[in-house]
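Working notes for the structure below.
Every number here is computed from the coordinates shown, using simple stated rules; none is lab data. Keep in mind the model is a prediction, meaning the values are calculated, not measured. Glycine gets a Cβ as well: all are built from the backbone with ideal geometry, and neighbour counts include every protein chain shown.
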Amino acid sequence: MDLRAWLADRREPVFLYGTTPPRAGSRPEQVAEAADKLAARVRGLPLDGLVVYDIQDESGRTSQPRPFPFIGTVDPRRYSSLLRERTGLAPIVYKALGAMDEPSWQAWLVESAQADLRLVSIVGRPTSGVRYPLALSRAVRLAAEHPARFTVGGVAIAERHNDERSEAARLLAKAVEGCRYFISQTVYHAAPTQRLLRDYLRDCRGAGVEPRRVVLTFAPCGREKTLGFLRWLGVNIAPETERAILGAPSPLAKSIDICRDNLRQILEQPYASHIRFGINVESVSINRDEIDASIELFHALTEVVRGR
């Protein structure tokens, strides 16, 4: 199966697993060991592909102190190639533009095409109101029109969809620029995603275009520090949700139940018959129990989708 065609054209849901590369400075054998562990973890899952993140320092996005220190990673493309070798699954490579200018972006695209990494999800900058040498819209268009025929994706953040700033309109504009799919920020509250998807379908109908695929991301969480990190990243976690998770006999099991219920609520709406969906499960934690719980979460969410 060609994940590129599946993301862009097929009606069936796609199932992905997201991961972050090892930290910068890791020795080659450590990077290989991490790839082996992930391959063993996802072996047997009905996955269509992997998502490999490119993290950036987002301290400029908020005045709140970062719960964990920022540490860069090895090149996501290097790790993606290793994971493809170990798993046989197609990787979606995230790329944070940072301070790149157009020549460096063009060079990055050429290098990625040479490595046969043509599924790219482009991430803008965490700080708004700053003029950068390469606009996100220009970067998307350059990748979408590149001779290597990249399949370009973008990020969907339901929490920033409001009366003053329409994330639905941003998705529509990104699709015009060349995005064929969107991957959401981690979902821990159904209502913002419901509003975004409802308005996105409305805007697409108004423009006379088909909605792009939206891949919904979920992550297990069983610790106060992990919840704090998710909230720092901009994820909407209601106080009652945090109390329910941390007050449960098994916080991880409770978080999986909450994610399952959120997915059900999102998919029960009328727009769900008109938008192609996908599921992406990730772990934002380095704790073994939370990483292991991502596999249980994947199975729980798959059952919800298959049961529609």
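Counting only DSSP beta bridges whose two residues both lie in the chain, roughly 5 percent are antiparallel.
Relative contact order for the chain: what is it in percent, counting Cα pairs under 8 Å that are at least 6 residues apart? Please list the in-between numbers first.
On the way: 505 pairs, mean separation 55.8, N = 308.
Relative contact order of the chain: 18 percent.
Modelled label positions at residue 198 and residue 85, each set 7 Å beyond Cα in the direction of Cβ, lie 4.9 nm from each other.
The share of alpha-carbon pairs in the stretch 71-197 lying farther apart than 16 Å comes to 65%.
Suppose R0 equals 25 Å; then what is the FRET efficiency for residue 240 and residue 303 from their Cβ-Cβ distance, rounded to the nearest 0.05? About 0.50, to the nearest 0.05.
Only one residue of 270, 219, 76 has its Cα farthest out toward the positive end of the dipole of the chain, where Lys and Arg carry +1 and Asp and Glu -1 on Cβ, and that residue is 270.
From the alpha carbon centroid of the stretch 1-54 to that of the stretch 151-214 is 24 Å.
Could you check how many percent of all C-alpha pairs in the stretch 198-308 are farther apart than 22 Å?
Everything past 22 Å amounts to 38 percent.
Among residues other than residue 290 whose Cβ falls under 11 Å from its Cβ, what is the net charge (Lys/Arg +1, Asp/Glu -1)? Taking every Cβ under 11 Å from that of residue 290, the sum is -1.
Would you mind checking 174/225; 37/225; 37/174 for any pair whose Cα atoms are more than 32 angstrom apart? In this structure, 174/225; 37/174 exceed 32 Å between Cα atoms. Rounded to 0.05, the FRET efficiency of the residue 163 and residue 137 pair, given R0 = 22 Å and the Cβ-Cβ distance, is 0.45. Local charge for residue 205 was computed over the other residues whose Cβ lies under 12 Å away, with Lys and Arg +1 and Asp and Glu -1, and equals -1.
Plainly put, the chain has a radius of gyration that is 0.93 times its Kirkwood radius, both from alpha-carbon atoms, as the Rg/Rh ratio.
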